[in-house]
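Scroll down for the structure; my scribbles are underneath it.
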Amino acid sequence: MKNCRTLSRLGLLAVAITIAACSYVTRQDLQAVDGPFKFLHDNQTTRQEVLTRLGEAASLYENGRILTYILREYRGQLRVDNYRNLESAGDLRRKTYHLVLVFGLDGVLERHSLVRVL
């Protein structure tokens, strides 16, 4: 049990360091963002529902317990991008966000964060 907690904390630390090492980030209020993310509710939304609605995550941590998605702003709305849909080098300059989703062992969303990469 103690090892599981340690591994969990290390996984969260790895996600935080990865995001912080890439650039400066600010936490955003996901509920204030219009678009396809209003369905995300802590202690309600399931991992399967996220995968069905948003597709494959950009990164997985802790055996899929932590999912991260790369979001980009297109015409005023955020969309899942994960660097797969870039049309030109100019797309790299679009506003970029990371959506971090942490699920419990039961597959239900425990918490989520949206961070803007500056």
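The values are calculated or read from the model by the stated rules, or taken from the named source; none is laboratory data. Because the structure is predicted, anything quoted here is derived from the model rather than measured. Here Cβ is always computed from backbone atoms with ideal geometry, including for glycine, and neighbour counts include all displayed protein chains. Only protein heavy atoms, including side chains, enter the accessible area calculation; ligands, DNA and RNA are left aside. Shrake-Rupley method; radii C 1.70, N 1.55, O 1.52, S 1.80 Å.
What to note about this one:
- In segment 98-118, the residues that are closer than 15 Å to residue 41 by Cβ and either among the hydrophobic types (A, V, I, L, M, F, W, C) or part of a strand (DSSP E or B) (or both): 99, 101, 102, 103, 108, 109, 110, 111, 112, 113, 114
- Subset tally (residues that are more than 14 Å from residue 104 (Cα to Cα), open to solvent by 60 Å² or more (accessible area, probe 1.4 Å) and out of contact with any strand residue (DSSP E or B) (no Cβ under 9 Å at 6 or more places or on another chain)) for segment 57-79: 3
Listed here are the residues, each with its yes/no results for (1) modelled with pLDDT of 85 or more; (2) among the aromatic types (Phe, Trp, Tyr); (3) within 14 Å of the chain's Cα centre (by Cα).
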{"residue": "63", "(1), (2), (3)": "yes, no, no"}
{"residue": "70", "(1), (2), (3)": "yes, no, yes"}
{"residue": "76", "(1), (2), (3)": "no, no, no"}
{"residue": "79", "(1), (2), (3)": "no, no, yes"}
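- Taking the criterion of being among the acidic types (Asp, Glu) and assigned to a loop (DSSP other than H, G, I, E, B), the residues of segment 35-76 that qualify are 42, 56, 62.
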